[in-house]
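Working notes, beginning with the structure itself.
The values are calculated or read from the model by the stated rules, or taken from the named source; none is laboratory data. Please read all numbers here as calculations on a predicted model, not as lab measurements. Note that each Cβ is placed from the backbone with ideal geometry, even for glycine, and that neighbours are counted across all protein chains shown.
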Amino acid sequence: MALRCCLVVLQLAVFVLTGPHAAGEDRRPPRVPAIMFFGDSLVDVGNNDYINTIVKANLSPYGRDFQEDHVATGRFGNGKLISDFIGEKLGFSVSPPAYLSPEASGKNLLLGANFASAGSGYYDPTALMYHVIPLSQQLEHFKEYRSKLAAVAGSRQQAQSIVSNSLYIISAGSNDFGFNYYINPLLFSTQTADQFSDRLIGIFTNTVTQLYGMGARRVGVLSLAPLGCAPLAITVFGLGSSSCVPRLDDDALRYIHKLNTAVDSLSRRHHDLKIAVLDVYTPWHSLATSPESQGFTEARLGCCATGKVELTVFLCNSFSVGTCRDAATYVHWDSVHPSEAANRVIVDSFVEEINMLVT
């Protein structure tokens, strides 16, 4: 009996020290009421699973390192995406659900929603080429979400408070260049890269203006990726080199300069709008050109199969030969998307900007 009592006391002590009420445990609520994601595969958590498109990541080995489930969720990566890590930085235990998924209902809507669609961009024809959800339609989904939120939140006033205090993340532009402009003679033969950038920046400005009109007051926009450093870009445009393609990276840098100018203009126009560029280019380019400096071993190839042309479940799948065992040492998961480890580094690099937006 005495031994049993001692064991009970010991178990209680362990519970107090390590359980949900343990001293020092951070139980603070998230720093914003909700997060809304728009754009492309860098942040899409599975909307494409619910539409008729070939641009999907709903089969193994996608998602093989995702949390405890190790299953494909529609995320274009081996594990967590930029959207997941942004959510963690703000205190959320889970990323907002894909808006088209069954999970985007009821109380879950109070956490926000993810409207992004892999393959999409600012320029609607890019999305339409691949039968994914254009940005303009993502905004329509957000309007629909606001109506649903009013019913779930209990009052229009409470719903509006959630809308105005939430963080809005936009990730777009890279597909417009990589999967439209560079391969579409109707575009690159009639417009320079700078002219096409101007078109995208105009759409970006209009998108933020629309979101502002619907109540958004905290907006973070991802810059372009280093377009020339993706394994696919090097294979197609590198002329036999194993290095990033300078011409493509120069296009990305000029676009980013225009994006910063547009963000400054929006900030001056709307004094109650917090808006910032979240620089994806710099940390990603650093990883691609000096992987060893941050503990990575491979930047030229993606982990899935050869990682040179593999993209979506048609080429990166469970039957792919040569897929690496440990994606944590690879900068890229497939031929264009970062690995979970790289996504973590990218998000860590712009934490200061995230903090500014939510303070």
Top-ranked residue of the range 231-244 - restricted to ones that are closer than 19 Å to W333 by Cα and not polar (S, T, N, Q), ranked as surrounded by the most Cβ atoms within 10 Å (Cβ to Cβ): P231
If you take the residues of the range 295-328 that are of a type in the set (D, E, K, R) and surrounded by fewer than 23 Cβ atoms within 10 Å (Cβ to Cβ), which of them is farthest from the chain's Cα centre (by Cα)? R325
Scanning the range 271-294 residue by residue, the ones that are loosely packed, with under 15 Cβ neighbours inside 10 Å, in contact (Cβ under 8 Å) with a residue 40 or more places away in the chain and of a type outside the set (S, T, N, Q) total 1
Requiring at least 3 residues that are closer than 22 Å to N206 by Cβ, the strands (runs of 3 or more DSSP E) wholly within the range 250-339 are 274-278
Being of a type in the set (A, V, I, L, M, F, W, C) and outside any loop (DSSP other than H, G, I, E, B) is the filter here; which residues of the range 231-248 pass it? L232, A233, I234, V236, F237, L248
Residue pairs qualifying under the 6 Å Cβ cut-off, at least six apart or on distinct chains, with the first in the range 191-211 being hydroxyl-bearing (S, T, Y) and the second being modelled with pLDDT of 95 or more, are S197/Y255; S197/K258; T205/A262
Take R28 and decide whether it is modelled with pLDDT under 95 and not hydrophobic (A, V, I, L, M, F, W, C). yes
Just to confirm my filter: which helices (runs of 4 or more DSSP H) fall fully inside the range 167-230 and include at least 2 residues that are touching a Leu at 6+ places or on another chain (Cβ under 6 Å) and surrounded by 22 or more Cβ atoms within 10 Å (Cβ to Cβ)? 174-178
